[in-house]
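Peer 1: Quick one: the structure is below, questions incoming.
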Amino acid sequence: MDVQTDRVNALIRKHKSEKKALIAILQDIQAEYSYLPKEALQQVSRSVGVPLIDVIGVATFYRAFSLKPRGKHVVTVCLGTACHVRGGPKILEEFERRLGVASGDTTEDGKFTLETVACLGCCAIGPVVVVDGEYHAQTSIRKVEAIIKQYLNK
Amino acid sequence: MKAPVKLKTVKALEQAVEAQKKLRQADKKPVLTVSAGTCGQARGALKVVEALQTALKKAKLDKKVKIRVTGCHGFCEAEPNVLVHPHDLFYQKVDPANADTIVLETLKKNRTIKALLYKDPVTGKTAPREKAIPFYKKQRRVVLGDNALIDPTQIDDYLAIGGYGALAKVLGKMTPEAVIAEVKTAGLRGRGGAGFPTGVKWEMARSQKGTPKYIICNADEGDPGAYMDRSLLEGNPHRVLEGMLIGGFAIGACEGIIFVRDEYPLAVKHVSLAVEELRKRGLLGSDILGTGFSFDIRIVKGAGAFVCGEETALIASIEGLVGEPRQRPPFPAEKGLNGKPTVINNVETWGNVPLILGKGGAWYAKIGTEKSKGTKIFSLVGKINNTGLVEVPMGTTLREIIFDIGGGIPGGRKFKAVQTGGPSGGCLPTSKLDLPIDYESLTAASAIMGSGGMIVMDDKTCMVDIAKYFLNFLRDESCGKCVSCREGTQRMYEIVTRISEGKGKVGDIELLEELAAAVKDASMCNLGITAANPILSTLRYFKREYEAHIKEKRCPAGVCKSLIRFTVLPDKCTGCLACKRACPNDCIHGTLREVHNIDQEKCIKCGACYEACRFEAVEAQRDEAIVILEGVK
C-alpha cells in the first residue's frame, strides 16, 4: 500500500505531535490503513520525537495494532468466557479449517483476516462473530460456511 | 432546533431539571421504548425502530406516539424488547414484522399481543408487565434501571428523570469535605474489583498538596464475560459523567479522563456525544455555573491490553507508553497521571455517586451487607436461561441470582459451577450456592467480586478446560515485567494443557500448586498476584476431575478433544437427524428414524453432534487409543 506522507503527517498534527498522544496517533493510522505500515511508523518516530524502537514497542504491546496488512474482510471470533463455554473455540477452529489460515493470519487471496477478541461484551448472543463490524449472533459450527460465503464476493 | 442555552448558575440548572421533569409529566403521548444497546442492535433493534416508524406513519399516529430508543434494559435474552407506555406492556424478542400488529392492536385497539409476552420456560405462564417477570422481580435496579427511561443521546431525557440534580445540590450547597463525608457514610467501595473504600481514596487525593489533580474513569472493562460498564456508558452516559463532575469537585481536580475500550464503539459514541452536550450547556469548562469550579473531561481510547485495567498500567497507557504496571506505593492518589494526585474509579462506581449524593449516604448504606453497601451489577452469562445484567443488593445469594433471577440451566442440564471475577476470580461449585455475595465472602471462597462477571457452567463444561482457558488468557495478557508472572503463567498453561491432552503425570497437581504459590508471592501487580486463582479454585473444588484426566486419561465432561471419541448409542438414538444436521464435516450417516453412526476417520471431534443431541444418544467416550499408547510406554 502507498503510504502518503501528507496523510500521515495530518494525523500526527491532529494530535499536536505530542508524545503522550502516541497511542491515539497509531490508532488513527491503523484506522486509515487497517494496519501500521513501516514508513508510517518511521514518520511518527521522527515527527513525535520518540525513538523507533519505542514506537514499535507500543505498536507490538497493544492488541489493537497490526504490523501486517490485513485482508479485505476482518473476521473476529469472540473468545470471551461466555462464548468459550458456548463453543467459541470450535467456531474458531471451523473458520481456521475453512479459510485455511491460523488465527491472526490473512488468506492468500487477501480476502479474509482471521482474528480473535477476548470479549465483546455481548455475551447473551454468544458465540459471537463480527465481520467488518457486523455482529453475527448465536453462531454455530454449521453457520460458519454461510458466514464466509456471505462476504466472499462482497 | 434552537441552540441549547448555556447554564450560568446553579439555580438555572435546578430550573432546567424541574422544567424537563414537568415537560415529561405533562406529556401524555403513548411511548414505545425500544432497547438498542450493542446486543439489541445485533439482534435487529434498529430495524424494529424503523418498522415501528413506518407503521406509525401508515396509521397516521406518527405525531401522536413517541418512539424512544434507549440503551440496554438488562434482559439480554429478550432482546430486542419494546415497552409500551402507558399500557405498561413488555414485548420481547420483537421482530420488524410485529410492528404493524403492535401499532394496530395495542395502540389503536388497546389489545395485548399474547405471542409477544414473556413466557416462563418452566411454568409456561405469560407475564405482561416487566415487574411480573421473574428476571426483574428480585432485582433492585437503582443504577441500571434508568436505562429504560432515557434516550442516551439526549441530555434533556436525563434531566427529565432528575439527572444533574445531585450535581446542583453539591455545587450549590456542599463543601468538598461534606461530599467526601457523604460518600464515606454510604460505605461505597470500588466496583472494579478490589473493593477499596471510595471515600477514603478521594480523601487521600484531596489532602495531597500537588496540583493539578486528575480523576479517571476506568472503562477498560477487560474481564471476559463482564459488560455492565459497557451497558451503563451506552445507556446512561450522563449518570457516569455526573458522578465524575461530583468527584472532580470533591477532590479538587481540573480534568477527568474516560479510558474506554475501543472494542465498545457504541459506548465511545454515546459518551463522546454526552461530553459535547455538557460543554454546550456550560456544565464543563471554566467556572462551571459561576461557582469557580473548573473542570473538563476528555476521552482516551484503549488499545487492547487487559493489564491496563490495573491503575498504574492504565496511567502509563494514557501517557502514551507501554502499559506496564509499576510498584505501589506511591499510590496514584499521591502520584498518578503526570506524577500528580489522581483518583481512578470504574464506571459502575462513578455511576453510584449521583445516587449517593442525591438520596444521601445514610439511605444508600441501608442497602447491602455490613461491610459491602449498595447494589452490584452482575453479568449473568454462559449456560443460563435468562442471560442478562442483574442488579441486586449485596448479600444476595448465588442461588437467588442463578435460579430465581436467571431461571436455571437450559436444556434441563445440571448446574456445575459459576465463575466469578473474571480471569482473577474462581469457580464455585454447588455447595457454595447459598453463599451471600459480598467482597469478603467471595474472597474467602477462593473467588473474587471482580467487576461482576458471572459465568454459569453446566455438566458439559470441563473444569480443566476452563482453567486452561484462563491460563491461556493470562499468559497472553501478562505484560512480561515480572518473571514470576510471565514464566509462571506460561508453565502453568503448559502443565494444564498436557493434563487436558492425557499426558499428565502423577505429581502435576502438586507442581501446579507450588507454581501457583510462587506466582502469587513474587508478582508485583494484581494480574500476577491473582493469576493462579483459576487453578487454585478449580483444584480446591474439582480435584477429582483433574485426577480423572491424569490417572484415567478421561475427560468426564466430554470436552478435552484428545481424550474422547464421539459415538452414537443405538438404543438411545431416535434417528431425528439433529446431529447429522449439526455436523460441519458430513461424517454422520443414517436416515430419518434410523440409528445414526459417526465416521471416526472423518470426525474432527468438534462436538457439534454432542451438543445437538436432545436424547443423550451421542456419547463422548474415553478414547481407548490413548490408554493403549499409555500401556506401550
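The values are calculated or read from the model by the stated rules, or taken from the named source; none is laboratory data. Please read all numbers here as calculations on a predicted model, not as lab measurements. Note that we place each Cβ from the backbone using ideal geometry, even for glycine, and neighbour counts take in every protein chain shown. To get the accessible areas, we keep the full protein, side chains included, count just its heavy atoms, and leave off ligands, DNA and RNA. Shrake-Rupley method; radii C 1.70, N 1.55, O 1.52, S 1.80 Å.
Peer 1: Any chance you could count how many residues in region B:429-465 are farther than 18 Å from B:L389 by Cβ, within 14 Å of chain A (Cβ to nearest Cβ) and not in a loop (DSSP other than H, G, I, E, B)?
Peer 2: 5
Peer 1: From B:V559, B:V496, which residue is outside any helix (DSSP H, G or I) and either farther than 19 Å from B:Q327 by Cα or at pLDDT 95 or above (or both)? Please lay out each step first, then the result.
Peer 2: Details: B:V496 fails: outside any helix (DSSP H, G or I).
After ruling out the rest, the residue left standing is B:V559.
Peer 1: Take the conditions surrounded by fewer than 22 Cβ atoms within 10 Å (Cβ to Cβ), within 14 Å of chain A (Cβ to nearest Cβ) and more than 27 Å from B:V142 (Cα to Cα) and apply them to B:A316. Does it pass? So that I can check it myself, show each step before the final result.
Peer 2: Details: surrounded by fewer than 22 Cβ atoms within 10 Å (Cβ to Cβ): yes; within 14 Å of chain A (Cβ to nearest Cβ): yes; more than 27 Å from B:V142 (Cα to Cα): yes.
Here the answer is yes, as B:A316 does meet what is asked.
Peer 1: Here is a further query. Picking from B:E348, B:E334, which residue would you name as being open to solvent by less than 10 Å² (accessible area, probe 1.4 Å) and away from chain A (no Cβ under 11 Å)? Spell out the reasoning first.
Peer 2: Working: B:E334 fails: open to solvent by less than 10 Å² (accessible area, probe 1.4 Å).
Step by step, each of B:E348, B:E334 is checked, and only B:E348 is open to solvent by less than 10 Å² (accessible area, probe 1.4 Å) and away from chain A (no Cβ under 11 Å).
Peer 1: Of the residues that make up region A:19-33, is at least one within 13 Å of another protein chain (Cβ to nearest Cβ), open to solvent by 40 Å² or more (accessible area, probe 1.4 Å), farther than 27 Å from A:G110 by Cα and outside any helix (DSSP H, G or I)? Break it down into steps so the answer makes sense when it comes.
Peer 2: So the first thing to find is which residues in region A:19-33 are within 13 Å of another protein chain (Cβ to nearest Cβ), and the list is A:19-31.
Cutting the leftovers down to open to solvent by 40 Å² or more (accessible area, probe 1.4 Å) gives us A:19-20, A:31.
Checking which are farther than 27 Å from A:G110 by Cα leaves us with A:19-20.
Cutting the leftovers down to outside any helix (DSSP H, G or I) gives us none.
Taking every residue of region A:19-33 in turn, none turns out to be within 13 Å of another protein chain (Cβ to nearest Cβ), open to solvent by 40 Å² or more (accessible area, probe 1.4 Å), farther than 27 Å from A:G110 by Cα and outside any helix (DSSP H, G or I).
Yes/no matrix, rows are residues, columns are (1) touching a Phe, Trp or Tyr at 6+ places or on another chain (Cβ under 6 Å); (2) in contact (Cβ under 8 Å) with a residue 12 or more places away in the chain; (3) open to solvent by less than 30 Å² (accessible area, probe 1.4 Å):
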residue: B:H87; (1), (2), (3): no, yes, no
residue: B:Y91; (1), (2), (3): no, yes, yes
residue: B:V94; (1), (2), (3): no, yes, yes
residue: B:D100; (1), (2), (3): no, yes, no
residue: B:V103; (1), (2), (3): no, yes, yes
residue: B:R111; (1), (2), (3): no, no, no
residue: B:V122; (1), (2), (3): no, yes, no
residue: B:K125; (1), (2), (3): no, no, no
residue: B:P128; (1), (2), (3): no, yes, no
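Peer 1: Moving on to the next point. In region B:277-302, which residue that is among the polar types (S, T, N, Q) and touching a residue at least 12 places away in the same chain (Cβ under 8 Å) is farthest from A:Y62 (Cα to Cα)? Even if it seems obvious, please write down each step before you answer.
Peer 2: Taking region B:277-302 as the starting set, the residues that turn out to be among the polar types (S, T, N, Q) are B:286, B:291, B:294.
Okay, now just the ones that are also touching a residue at least 12 places away in the same chain (Cβ under 8 Å), so B:291, B:294.
Working: B:T291: 41, B:S294: 34 Å.
The extreme case among them is B:T291.
Peer 1: Another question about this same structure. So which of A:A82, A:A137, A:A118, A:A40 is aliphatic (A, V, I, L, M), within 11 Å of another protein chain (Cβ to nearest Cβ) and either without any contact (Cβ under 8 Å) to a residue 12 or more places away in the chain or more than 27 Å from B:G426 (Cβ to Cβ) (or both)? First the steps, then the outcome.
Peer 2: Details: A:A82 fails: either without any contact (Cβ under 8 Å) to a residue 12 or more places away in the chain or more than 27 Å from B:G426 (Cβ to Cβ) (or both); A:A118 fails: either without any contact (Cβ under 8 Å) to a residue 12 or more places away in the chain or more than 27 Å from B:G426 (Cβ to Cβ) (or both); A:A40 fails: within 11 Å of another protein chain (Cβ to nearest Cβ).
Exactly one residue qualifies, and that residue is A:A137.
Peer 1: Do we have B:L428 as more than 23 Å from B:K93 (Cβ to Cβ) and crowded, with 20+ Cβ neighbours inside 10 Å here? Please lay out each step first, then the result.
Peer 2: Numbers: more than 23 Å from B:K93 (Cβ to Cβ): yes; crowded, with 20+ Cβ neighbours inside 10 Å: yes.
When the stated conditions are applied, B:L428 passes them.
Peer 1: Residue by residue through region B:379-423, note down the ones that are of a type outside the set (S, T, Y), farther than 18 Å from B:Y541 by Cβ and in a strand (DSSP E or B).
Peer 2: Correct list: B:L380, B:V381, B:G388, B:L389, B:V390, B:E391, B:V392, B:P393.
Peer 1: Another one. Whether any residue in region A:76-91 is in a loop (DSSP other than H, G, I, E, B), in contact with a Ser or Thr (Cβ under 9 Å, 6 or more places away or on another chain) and outside the structural domain of A:L22 (by TED's automatic domain parsing) is what I want to check. Full working, then the answer.
Peer 2: Filtering region A:76-91 for residues in a loop (DSSP other than H, G, I, E, B) gives A:79-80, A:86-87.
Still in the running and in contact with a Ser or Thr (Cβ under 9 Å, 6 or more places away or on another chain): A:79, A:87.
Those still in the list that are outside the structural domain of A:L22 (by TED's automatic domain parsing) too: A:79, A:87.
Yes, region A:76-91 contains at least one residue that is in a loop (DSSP other than H, G, I, E, B), in contact with a Ser or Thr (Cβ under 9 Å, 6 or more places away or on another chain) and outside the structural domain of A:L22 (by TED's automatic domain parsing).
Peer 1: Looking only at region A:92-105, decide whether some residue is surrounded by 19 or more Cβ atoms within 10 Å (Cβ to Cβ) and closer than 24 Å to B:R261 by Cα.
Peer 2: Checking region A:92-105: at least one residue is surrounded by 19 or more Cβ atoms within 10 Å (Cβ to Cβ) and closer than 24 Å to B:R261 by Cα.
Peer 1: Condition first: more than 24 Å from the chain's Cα centre (by Cα) and away from every other protein chain (no Cβ under 14 Å). Now tell me which residues in region B:202-244 satisfy that. I'd like the intermediate steps shown before the answer.
Peer 2: Keep residues of region B:202-244 that are more than 24 Å from the chain's Cα centre (by Cα), which gives B:202-214.
Across region B:202-244, the qualifying residues are B:W202, B:E203, B:M204, B:A205, B:R206, B:S207, B:Q208, B:K209, B:G210, B:T211, B:P212, B:K213.
Peer 1: Something else: Hey, does region A:124-132 have a residue that's under 16 Å from the mean Cα position of the chain (by Cα), farther than 27 Å from B:G421 by Cα and part of a strand (DSSP E or B)?
Peer 2: yes
Peer 1: Another question, if that's okay. Please go through region B:431-450 and give me each residue that is touching a residue at least 60 places away in the same chain (Cβ under 8 Å), open to solvent by less than 10 Å² (accessible area, probe 1.4 Å) and either in contact with an Asp or Glu (Cβ under 9 Å, 6 or more places away or on another chain) or farther than 17 Å from B:S372 by Cα (or both), ordered by number.
Peer 2: B:M449, B:G450, listed by residue number.
Peer 1: May I ask you to list the residues in region B:27-74 that are of a type in the set (V, I, T), modelled with pLDDT of 95 or more and in a helix (DSSP H, G or I)?
Peer 2: Initial filter on region B:27-74 (of a type in the set (V, I, T)): B:31, B:33-34, B:38, B:48-49, B:54, B:65, B:67, B:69-70.
This time we only want the ones that are modelled with pLDDT of 95 or more, so: B:31, B:33-34, B:48-49, B:54, B:65, B:67, B:69-70.
Within region B:27-74, B:V48, B:V49, B:T54 meet the criteria.
Peer 1: Within region B:395-425, track down each residue that is without any contact (Cβ under 8 Å) to a residue 60 or more places away in the chain, aliphatic (A, V, I, L, M) and open to solvent by less than 10 Å² (accessible area, probe 1.4 Å).
Peer 2: Residues satisfying the conditions are B:L398, B:I401, B:I402, B:V418.
Peer 1: Can you find a residue that is surrounded by 15 or more Cβ atoms within 10 Å (Cβ to Cβ) and more than 13 Å from the chain's Cα centre (by Cα) anywhere in region A:67-76? Full working, then the answer.
Peer 2: From region A:67-76, those surrounded by 15 or more Cβ atoms within 10 Å (Cβ to Cβ) are A:70-76; that's our starting set.
Going one step further and asking which of them are more than 13 Å from the chain's Cα centre (by Cα), we end up with none.
There is no residue in region A:67-76 that is surrounded by 15 or more Cβ atoms within 10 Å (Cβ to Cβ) and more than 13 Å from the chain's Cα centre (by Cα).
Peer 1: Could you tell me which residue of region B:557-603 is most open to solvent (accessible area, probe 1.4 Å), considering only residues that are among the β-branched types (V, I, T) and in contact (Cβ under 8 Å) with a residue 40 or more places away in the chain? If you could, list the steps in order and put the result at the bottom.
Peer 2: The first filter runs over region B:557-603 and keeps only residues among the β-branched types (V, I, T), leaving B:559, B:564, B:567-568, B:574, B:588, B:591, B:595, B:598.
Retained after the next criterion (residues that are in contact (Cβ under 8 Å) with a residue 40 or more places away in the chain): B:559, B:564, B:567-568, B:574.
On the way: B:V559: 45, B:I564: 3, B:T567: 27, B:V568: 25, B:T574: 66 Å².
The residue in question is B:T574.
Peer 1: Within region B:249-256, does at least one residue satisfy the condition of being more than 30 Å from B:K173 (Cβ to Cβ) and crowded, with 24+ Cβ neighbours inside 10 Å? Explain how you work it out, then say what you get.
Peer 2: So in region B:249-256, the residues more than 30 Å from B:K173 (Cβ to Cβ) come out as none.
No, that holds for no residue.
Peer 1: Among the helices (runs of 4 or more DSSP H) lying completely within region B:151-235, list those that include at least 3 residues that are modelled with pLDDT of 95 or more and surrounded by fewer than 24 Cβ atoms within 10 Å (Cβ to Cβ). Let's see the steps before the verdict.
Peer 2: Numbers: elements: B:155-160, B:165-173, B:176-186, B:198-206, B:228-235.
Correct list: B:155-160, B:165-173, B:176-186, B:198-206.
Peer 1: Could you count how many residues in region B:250-297 are on the phi > 0 side of the Ramachandran plot and not in a loop (DSSP other than H, G, I, E, B)? So that I can check it myself, show each step before the final result.
Peer 2: Step one: filter region B:250-297 for residues on the phi > 0 side of the Ramachandran plot, giving B:252, B:282, B:285, B:287, B:289-290, B:292.
Cutting the leftovers down to not in a loop (DSSP other than H, G, I, E, B) gives us B:285, B:287.
Of the residues in that region, 2 qualify.
Peer 1: Determine which single condition A:V44 fails, assuming it passes every other condition in (1) under 24 Å from B:L474 (Cα atoms); (2) modelled with pLDDT of 95 or more; (3) outside any strand (DSSP E or B); (4) of a type in the set (A, V, I, L, M, F, W, C).
Peer 2: All conditions pass for A:V44, except number (1).
Peer 1: Moving to a separate point now. I'd like the residue in region B:466-509 that is at positive phi and more than 14 Å from chain A (Cβ to nearest Cβ) and, out of all such residues, is most open to solvent (accessible area, probe 1.4 Å).
Peer 2: First, pick out the residues of region B:466-509 that are at positive phi: B:480, B:502, B:507.
Now drop any that are not more than 14 Å from chain A (Cβ to nearest Cβ), which leaves B:502, B:507.
Values: B:G502: 4, B:G507: 34 Å².
The qualifying residue most open to solvent (accessible area, probe 1.4 Å) is B:G507.
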